[in-house]
Structure formats: C-alpha cells, structure tokens
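Report on one structure; see the data block that follows.
The values are calculated or read from the model by the stated rules, or taken from the named source; none is laboratory data. All values derive from a computational prediction rather than experimental measurement. Here Cβ is always computed from backbone atoms with ideal geometry, including for glycine, and neighbour counts include all displayed protein chains. Protein only, heavy atoms only, side chains kept; ligands, DNA and RNA dropped before computing areas. Shrake-Rupley method; radii C 1.70, N 1.55, O 1.52, S 1.80 Å.
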Amino acid sequence: MSFIAARLSRIQPSATIGVNTKAGELKRAGRDVIGLAAGEPDFDTPAHIVRAAEKAMAEGKTRYAPAAGIIELREAICAKLERDNELVYTPDQITVGCGGKQTIFNALMASLDPGDEVVIPAPYWVSYTDITLLAEGTPVVVECPAARGFKITPDQLDKAITKKTKWLMLNSPNNPTGSGYTRQEIAGLAEVLMRHPHVWVMTDDMYEFITYDDYAFSTIAQVEPALFDRTLTLNGLSKAYCMTGWRVGYAAGPIELIKAMNKIQTQSTTSTSTISQWAAVTALNGEHGFIAEHNKIFKERRDLVISMLGQAKGIECLTPEGAFYVYPSCAGCIGKTTPEGKKIASDEDFVTYLLDAEGVACVHGAAFGLSPYFRISFATSTELLEEASRRIQRACAALS
Ligand code: GLU
C-alpha cells in the first residue's frame with residue numbers, strides 16, 4: 001500500500017503548471033522552446049505597485065495579517081466591487097487568499113460534503129474539477145462545444161442540476177477559451193438558478209478587465225440581484241495587474257461562507273503575504289491606465305495568432321472576447337501521421353508533437369475537459385508569437 005493518501009489518486013497535477021514547468025526545464029537545458037502554456041501576462045507589475053510593496057516593507061508592515069486579509073485591502077475590494085460591478089459588500093463579506101486558486105480551494109473545502117455536486121461547464125480551468133475532487137465533491141462536467149461559443153446554455157444547466165448540486169462554476173471571460181458571456185446569456189442562466197434555490201453560483205471573474213472589441217463584462221450577482229445571497233464572486237490581482245507571483249485573490253459572498261473560508265485559512269496559510277496585500281491596496285485604489293495599454297497589445301497579439309492559425313492546416317479557431325487565450329480545434333490533425341511515423345490520436349499527442357518537432361509548448365484540451373483542442377496563451381512577445389505560429393503552421397503542413 002502506498003504511503004500517499006488515497007485522495008491524491010483522484011486528482012492530476014495541474015496541467016497548466018506542469019507544461020509550463022516542463023517548457024522552462026527544456027529551455028534551461030538549452031532547447032529552443034517557445035512557451036505558450038503559461039497563463040500569465042509577460043508585462044512587469046506596474047512600478048507604482050512595486051513601490052507600494054517596498055514602502056510597506058520599509059515601514060515594517062511585515063507581520064502576520066488577519067486570515068481574512070488586512071482591513072485596508074478588504075475596504076479597497078468593497079470599493080472596487082461597488083465601482084466596477086455595482087455590488088455592495090461590507091469588509092466582513094470579503095476574504096483574501098493566496099491567489100484565486102486558494103480562494104476557490106477554501107470555498108469548496110468549506111462548502112462540499114462527500115458527494116455534493118459542482119456543475120462545471122467544459123472547457124474549464126484545470127483546477128476546478130480537481131479541487132472539487134480534493135474536497136470530496138463530484139464534478140458534473142457539461143460539455144460546451146465551440147458551435148455555441150464554449151458557453152453553457154440555460155437548458156444544459158437545468159438538465160445538469162440534481163438534488164445534490166451545490167454549485168455552478170461560472171468563468172467569464174473564460175480560461176482556456178477566452179469566451180465571454182453576454183449580460184443576456186448570464187440572465188438566462190440566472191433564470192434557471194432562480195428555479196433551483198438550493199444551488200449557489202461561484203463566479204470566477206479573474207479576467208474581468210482583459211476584454212476586446214465591444215464585449216462588455218458583467219457578473220451574475222449584478223445581473224440578477226436576487227442571487228446575491230447565494231453567489232460567491234471571485235477575483236484577483238494576478239492577471240489585470242500583472243501580479244501572478246504576488247498571490248492575491250479574493251472572494252465576496254455571504255458571511256457564513258466567508259467565515260468558514262477564513263476558518264480554513266487560519267489552519268493553512270494564515271493569510272497571503274502582508275506585503276503583497278499592501279501592494280494590492282495600491283493596485284486597486286490607484287490609477288488603471290496601464291490596463292487599457294496592455295489590452296491594446298493583447299488584442300494585436302490575439303489578431304495575429306488568429307490570422308496565422310487560420311493558415312495552419314487542420315486548425316480552426318474562434319476569436320475570443322477576453323482573457324489572453326485562444327482554444328483552437330486540432331480535429332483536422334487527428335488521425336494524421338507525423339514525419340517520424342507517429343499517429344496523432346489525441347490532442348495530447350498533438351501538443352507533444354508540437355513540442356518535440358517544433359519546440360512549441362501548449363496545453364492539450366483534455367486537461368480542460370474538451371477535446372480535441374489545445375490552449376495557446378498569447379501573453380507573450382509579438383515576435384515569439386509570430387515565430388510560434390509559423391512553427392505550428394509548419395508542423396501541421398508536415399502531417400500526412
Ligand atoms: N491560471 C493560469 C493558467 O491557467 C496559471 C496557472 C495555473 O494556476 O493554472 O495557466
């Protein structure tokens with residue numbers, strides 16, 4: 001019998017972290033690898049945020065923080081939610097964690113009993129299902145095809161709900177597809193939830209600010225205020241503020257749940273770094289002009305990748321409304337054979353081929369629950385994206 005707990009056998013290591021780590025190792029070993037796996041902006045954290053952390057350290061703000069987060073940050077989060085999302089929360093309805101991921105972890109650990117179900121539209125961010133499993137819940141995965149913009153429909157949601165359903169996980173703009181729900185689409189889902197009062201909704205709004213064209217972000221408790229008391233609104237500083245390594249995520253919701261999440265935090269990390277929290281106060285309360293500048297660059301890169309992938313044989317790709325991912329289908333490459341004589345039987349084979357043949361690292365669609373696709377993060381330099389897209393075109397053309 002293994003020394004390792006049985007619960008670990010139910011989950012996979014995070015594929016996004018895994019591919020990213022592998023690409024880094026290959027690069028360090030001297031291989032010419034372009035990493036398109038990392039879901040993080042390549043921009044530096046804005047200087048005024050870095051200065052706020054330096055100031056906090058110089059002022060001795062280096063001690064333990066309350067498990068819920070420092071009050072100044074929770075107040076800044078309340079102000080942000082009111083300003084941007086028309087949601088009125090008080091600081092005791094806010095909890096701050098080590099990134100969005102720990103916040104989701106705390107929420108699911110705090111709310112799931114064995115067998116409780118979580119409805120997760122696929123493609124989903126890799127960690128939703130595995131955190132659910134760690135918390136002894138049951139993921140109910142609902143496949144949302146490209147033909148419907150990778151979005152769950154009210155009818156699909158209605159059919160997925162059972163007596164055991166505890167949560168619906170929503171994520172818009174979505175990781176890995178970049179697709180964004182319109183206000184009307186969210187209203188359609190809210191209408192279903194109104195008919196199932198035992199179901200709560202966890203909305204991961206991490207990509208709120210990274211949007212393109214005329215897409216307008218909205219979040220479910222704003223669209224349907226009657227759901228406010230059973231909504232957990234999640235967000236974080238990682239993406240829009242380029243603070244992935246600072247580890248600041250947060251959630252706003254009913255006090256009973258927030259208290260339960262804090263209880264877990266007192267027995268795990270205590271809090272995220274106090275210094276990061278002070279930096280986050282400045283980020284949320286400070287000027288936001290850099291976000292539009294970054295989005296302009298992301299949009300150019302999105303358009304570049306979409307147009308170059310359009311010339312790759314066997315690849316088809318939707319144009320995302322937000323985030324910095326595209327989620328192309330590689331269906332046209334499945335069943336083909338590589339120049340080395342290997343058959344491409346799955347999206348995992350396809351991304352392995354891209355890495356081996358051309359040194360391009362992407363994450364396979366199976367990890368996100370919908371195949372045959374792969375995820376490209378375009379949060380990398382334009383030059384590298386051009387080169388990577390050329391390599392993908394070449395790899396696809398070499399298949400027979
Ligand atoms: N959220 C990012 C991604 O999807 C960061 C890595 C992770 O935590 O999964 O790549």
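Among the helices (runs of 4 or more DSSP H) lying completely within the range 1-87, list those that include at least 3 residues that are more than 16 Å from the ligand (Cβ to nearest atom) and open to solvent by less than 40 Å² (accessible area, probe 1.4 Å). Show your work before the answer.
Values: elements: 15-28, 47-58, 71-85.
Helices (runs of 4 or more DSSP H) meeting the threshold: 47-58, 71-85.
Which one of Thr244, Thr233, Thr282 is open to solvent by 20 Å² or more (accessible area, probe 1.4 Å) and either within 16 Å of the ligand (Cβ to nearest atom) or touching a Leu at 6+ places or on another chain (Cβ under 7 Å) (or both)? Spell out the reasoning first.
Details: Thr233 fails: open to solvent by 20 Å² or more (accessible area, probe 1.4 Å); Thr282 fails: either within 16 Å of the ligand (Cβ to nearest atom) or touching a Leu at 6+ places or on another chain (Cβ under 7 Å) (or both).
When all the criteria are applied, what remains is Thr244.
Quick test for you: out of Leu8, Leu73, Leu81, Leu26, pick the one residue that is over 30 Å from Glu358 (Cβ atoms) and at pLDDT below 95.
Details: Leu73 fails: at pLDDT below 95; Leu81 fails: at pLDDT below 95; Leu26 fails: over 30 Å from Glu358 (Cβ atoms).
Just a single option satisfies the conditions, and that option is Leu8.
Which members of the range 333-349 meet the condition of being over 23 Å from the mean Cα position of the chain (by Cα), without any contact (Cβ under 8 Å) to a residue 60 or more places away in the chain and open to solvent by less than 60 Å² (accessible area, probe 1.4 Å)?
Selection gives Ile334, Gly335, Gly341, Ile344, Ser346, Asp349.
Step by step: first the residues of the range 109-133, then only those that are without any contact (Cβ under 8 Å) to a residue 40 or more places away in the chain and not in a loop (DSSP other than H, G, I, E, B), then the one that is farthest from the chain's Cα centre (by Cα). Which residue is that? It would help to see each step written out before you state the result.
We begin by selecting, within the range 109-133, every residue without any contact (Cβ under 8 Å) to a residue 40 or more places away in the chain; these are 113-114, 131-132.
From what's left, not in a loop (DSSP other than H, G, I, E, B): 131-132.
Numbers: Ile131: 13, Thr132: 15 Å.
Looking at the filtered set, the residue picked out is Thr132.
Identify, by number, the condition in (1) touching an Asp or Glu at 6+ places or on another chain (Cβ under 7 Å); (2) surrounded by fewer than 16 Cβ atoms within 10 Å (Cβ to Cβ) that Ala379 doesn't meet.
(2)
Would you check if there is a residue in the range 350-370 being over 30 Å from His294 (Cα atoms), part of a helix (DSSP H, G or I), more than 16 Å from the ligand (Cβ to nearest atom) and under 24 Å from the mean Cα position of the chain (by Cα)?
Within the range 350-370, one or more residues are over 30 Å from His294 (Cα atoms), part of a helix (DSSP H, G or I), more than 16 Å from the ligand (Cβ to nearest atom) and under 24 Å from the mean Cα position of the chain (by Cα).
Which ones in the range 99-130 are out of contact with any strand residue (DSSP E or B) (no Cβ under 9 Å at 6 or more places or on another chain) and within 15 Å of the ligand (Cβ to nearest atom)? Can you show your working first?
Keep residues of the range 99-130 that are out of contact with any strand residue (DSSP E or B) (no Cβ under 9 Å at 6 or more places or on another chain), which gives 109-110, 127.
The one that is out of contact with any strand residue (DSSP E or B) (no Cβ under 9 Å at 6 or more places or on another chain) and within 15 Å of the ligand (Cβ to nearest atom): Ser127.
Go through the residues of the range 107-127 one by one and say whether even a single one is closer than 16 Å to Asp204 by Cβ, among the charged types (D, E, K, R) and open to solvent by 20 Å² or more (accessible area, probe 1.4 Å).
No, the range 107-127 contains no residue that is closer than 16 Å to Asp204 by Cβ, among the charged types (D, E, K, R) and open to solvent by 20 Å² or more (accessible area, probe 1.4 Å).
Which one is least open to solvent (accessible area, probe 1.4 Å) among residues in the range 364-376 that are without any contact (Cβ under 8 Å) to a residue 60 or more places away in the chain and in contact with a Phe, Trp or Tyr (Cβ under 9 Å, 6 or more places away or on another chain)?
Initially, the range 364-376 is screened for residues without any contact (Cβ under 8 Å) to a residue 60 or more places away in the chain, giving 366, 371-372, 374.
Cutting the leftovers down to in contact with a Phe, Trp or Tyr (Cβ under 9 Å, 6 or more places away or on another chain) gives us 366, 372, 374.
Numbers: Ala366: 54, Pro372: 38, Phe374: 0 Å².
It comes out as Phe374.
How many of the residues in the range 134-157 are under 25 Å from Ala6 (Cβ atoms), more than 16 Å from the ligand (Cβ to nearest atom) and in contact (Cβ under 8 Å) with a residue 40 or more places away in the chain?
Residues in the range 134-157 being under 25 Å from Ala6 (Cβ atoms), more than 16 Å from the ligand (Cβ to nearest atom) and in contact (Cβ under 8 Å) with a residue 40 or more places away in the chain: 2 in total.
How many residues are small (Gly, Ala, Ser), out of contact with any Asp or Glu (no Cβ under 7 Å at 6 or more places or on another chain) and under 26 Å from Asn295 (Cα atoms) if we restrict to the range 148-180? Please lay out each step first, then the result.
Initially, the range 148-180 is screened for residues small (Gly, Ala, Ser), giving 149, 160, 172, 178-180.
Next cut, out of contact with any Asp or Glu (no Cβ under 7 Å at 6 or more places or on another chain) only: 149, 160, 172.
Still in the running and under 26 Å from Asn295 (Cα atoms): 149, 172.
Going through the range 148-180 one residue at a time, the tally reaches 2.
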